[in-house]
Each structure stands twice: as structure tokens, then as C-alpha cells.
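Here's the structure, in C-alpha cells; my notes come after.
The values are calculated or read from the model by the stated rules, or taken from the named source; none is laboratory data. None of the values given here were measured: they were computed from a predicted structure. Ideal geometry is used to build each Cβ from the backbone, glycine not excepted, and the neighbour counts take in all protein chains shown. Accessible surface is based on the protein model in full, side chains and every heavy atom, while ligands, DNA and RNA are left aside. Shrake-Rupley method; radii C 1.70, N 1.55, O 1.52, S 1.80 Å.
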Amino acid sequence: MTALDDRPVSAADAAHVTTVTLKIRRYDPEVDPDANWQTFDVPVEKGDRLLDALHHVKWYQDGSLAFRRSCAHGVCGSDAMRINGVNRLACKVLIKDLATKEGQEILVEPIKGLPVEKDLIVDMEPFFEAFRSIKPFLITDGREPTRERLQSAEDRARFDDTTKCIMCAACTTSCPVYWTDESYFGPQAIVMAHRFIFDSRDEGAEERLEILNEKEGVWRCRTTFNCTDACPRGIEVTKAIQEVKRALIFRRV
Amino acid sequence: MPAAPAGTLYRGREGMWSWVAHRVTGVLIFFFLFAHVLDTALVRVSPDYYNRIMDTYKTPVVNLMEVGLVGAVLYHSLNGLRVMAIDFWEKGPRYQKQMTYAVIAVVLLVMIPGTYFMMQHTVEEMFGSTT
Ligand code: SF4
Ligand code: FES
């Protein structure tokens, strides 16, 4: 299905509209058991993000292109994909940072290590399963307090970095260990565990540390830093993993 | 999962490539140790055989491999220290890039003169001595 974009363009607008080429890895198991590369020429304006270009393809060129997105503002974590070889959110990267040279193609692929369902959509279930396995909720014993659970600013600061996660999976699917061993919890699950382990209000640290002490836990980390480079929220993922490792070695949170 | 065509290589940075190099040098060193244990064990079987094997090592190609081995051991040990610093030193993860470049710098600093001294004899034998 192909439709042409025939909306009128004013002269002033046209002046700063340029064309970029997207090279997208397409896959539709109902049509072809193999994936293939397809290129699209897309008109873009100066401030456009990659997501705008993908929208242009889907809305005006080929409606069968499948990808996830929701907020379009880097909040929901739906549109992590491999862009020019690295994991990024399509809604956060600017076209002008991707196609720096004239006529340069922008490569778009699904994130690696999770089963591809169609085009840029992968099955996130193994990723969510790892997330659930570290018990991502407040664990306390004893009676519920009558007022809120207070925490000092210093105590809050200890896990501030890891509260920023939007569960986009950019980190986990950038990890060479995860690509070859899907039973590894992956960086995101460890980030989420870190968020609770170092929270002074939570009492489940022991439990979570035991889970991450397993064979497929933190010790699988090979400190490649791909996760830290990929995180769209700027979380120091490898550092969080290191803190969990040290908590395990020294038995101190 | 679609098999073909293959996707592109993940464009990791210093951290990923230093890990790849760590693996490769680790495997190389393992194979060297394997061969080394075998040929050294030979001395107990027959010292004569041992000497003959040792003589076959005196070729330019093996000399080049020796240089590679020294480089591999040097990189692997220095990067090993870097990995330990990342895991145990609080600020390690923040300085991993700088530490990667430091490792590369030391390896180059040692290996450039090192290669010269290690290859000197071979080069003189092949192309004649200058002195
Ligand atoms: S840690 Fe960063 S990259 Fe990983 S899922 Fe959370 S937001 Fe995404
Ligand atoms: S669409 Fe919500 S994070 Fe990109």
C-alpha cells in the first residue's frame, strides 16, 4: 500500500525541507520468513526527530510499517530501536545528528536479543519477566505506619539515579551478554533492583540481593558499558550494577 | 526470528571493544598455555624430542607470535586491573574510558620498543646485521 504525500508546501517551508534516506530492517513472517532492508526517502524539517520521519513513512508511504510509540517525548519508553547501530529512542534523536553527511542513510533496526514480531516491534515479555523476578515493589515487615514513611534527602539521593528508568529496554538489548544468554536478568532488572535495595524504607534488600547473586544475576555483567551509553535517561547503569556487586561482596547495603 | 539478512554490528564504544579484546587475548593466552604445557611435558618423555621441538620454534613466524603473546599478556593483565577498578573502586565506572586509553597507551609504550628488541635477532638473521 503506497500513498504519495501531495500536501501543498509553501515556498518558505520548502526552503528548509531536506530529504533523508531511511534504511529500515523490515520483517513480516506472514509474507516472508526472512527480514529485508527497505529504503525510504523522507522529507524532513530542521528540528525533526527520527520518529517524525518514521511517521512520515507510515502515514504517507507505507502503512504496513510497524513500530511502537506512544508519548513521543521520551517518557513512555515505547520506541527504543537500533538507530545507526546503537540503541536509542526514536523520539529523542534528531535527524540532523544522524545524517550529518549529505546523502547518508540512516539505519533503523529492532532492538537485539528479543524475538522480533514484526518490523521494529519485538516481544518484550522476556524483558518484563526479568523485571518482575526482582520484586519491583516496596517490601516491609511489621505494622503499617500511621503516617508516611519518612526519608532523609541523603538517603533519597542514594538511589535517585535508578528511579529515572522508563523501562525502554535500550540497556538490556545493548548487552552482548544478554544477546547470547536470554536467561541473564539484564541491566534493566538490576537497575530496578538497585532502586529498591538502596531505598532506606524498603526491607527486601536481602531477598533481592539473593536473587541477583544467582548464576544469571549480576555476576554475568562483563562491564562493556553498552548499557550506560544506550540509556536515554542518562542512568549510570554499569555503576548501579557495580554497587549491587559490591553490596553482595561486602554484605552491606 | 528472521535469520537473513544479518543485522548490522552493534556500534559499541571503548567499553565494548576493550571487552572483545580482553576475550580474544584471553583465548590466545589459553591456547599458548595449552601448547606450552604439552611441549614442556615432553621433556619428561624424551629430552631429545623436546630439543627438536624447541628448534622448530626458532623461526621468524614463531618470533612474531612471541611478540603477539607478550602484547596479549600485557593487554590482558592491564585491562584486568581496569576491570577490577571498575568493580571495586567507587569512581571506577566513571573513569572507564580514561582507563581504557591508559591501558592502550602503556601497551603501545611497551610494545613499540619491545617489538624492536624482540625482533632484532630475527631481522638481523634474515636481512644481515648492520653492525
Ligand atoms: S535503565 Fe535506561 S536504558 Fe535501561 S530500561 Fe531504564 S531507561 Fe531504558
Ligand atoms: S514514544 Fe514515548 S519514549 Fe519515545
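Before moving on, here are some points about what is shown:
- Output for segment A:131-151, where each listed residue is more than 26 Å from the chain's Cα centre (by Cα) and either assigned to a helix (DSSP H, G or I) or in contact (Cβ under 8 Å) with a residue 24 or more places away in the chain (or both): A:I139, A:T140, A:D141, A:R149, A:Q151
- Restricted to segment A:162-179, and to residues there that are out of contact with any Lys or Arg (no Cβ under 8 Å at 6 or more places or on another chain) and within 12 Å of chain B (Cβ to nearest Cβ), the residue that is nearest to ligand 1 (Cβ to nearest atom) is A:C175.
- Pick from segment A:21-50, criterion of a type in the set (F, W, Y) and free of Cβ contacts under 8 Å to residues at least 24 places away in the same chain, ranking: farthest from the other protein chains (Cβ to nearest Cβ): A:F40
- Which listed residue is touching a residue at least 40 places away in the same chain (Cβ under 8 Å), farther than 30 Å from A:Q242 by Cβ and out of contact with any Lys or Arg (no Cβ under 6 Å at 6 or more places or on another chain), from B:V45, B:V67: B:V67
- Within segment A:51-87, tally of residues that are more than 19 Å from A:R26 (Cβ to Cβ), more than 8 Å from ligand 2 (Cβ to nearest atom) and either open to solvent by 40 Å² or more (accessible area, probe 1.4 Å) or more than 14 Å from chain B (Cβ to nearest Cβ) (or both): 1
- Within the option set B:G15, B:G71, B:G80, being within 22 Å of A:C221 (Cα to Cα) and buried (at least 16 other Cβ atoms within 10 Å of the Cβ) holds for one residue only, B:G15.
- Evaluated against (1) surrounded by 12 or more Cβ atoms within 10 Å (Cβ to Cβ); (2) modelled with pLDDT under 90; (3) away from chain A (no Cβ under 14 Å), B:R44 falls short on exactly one condition, (1).
- Of everything listed in (1) within 13 Å of ligand 1 (Cβ to nearest atom); (2) crowded, with 18+ Cβ neighbours inside 10 Å; (3) without any contact (Cβ under 8 Å) to a residue 60 or more places away in the chain; (4) not β-branched (V, I, T), the single unmet condition for A:F128 is (2).
- Residue satisfying all of: in segment A:221-240; open to solvent by 30 Å² or more (accessible area, probe 1.4 Å) and out of contact with any Asp or Glu (no Cβ under 7 Å at 6 or more places or on another chain); farthest from the other protein chains (Cβ to nearest Cβ) among these: A:R233
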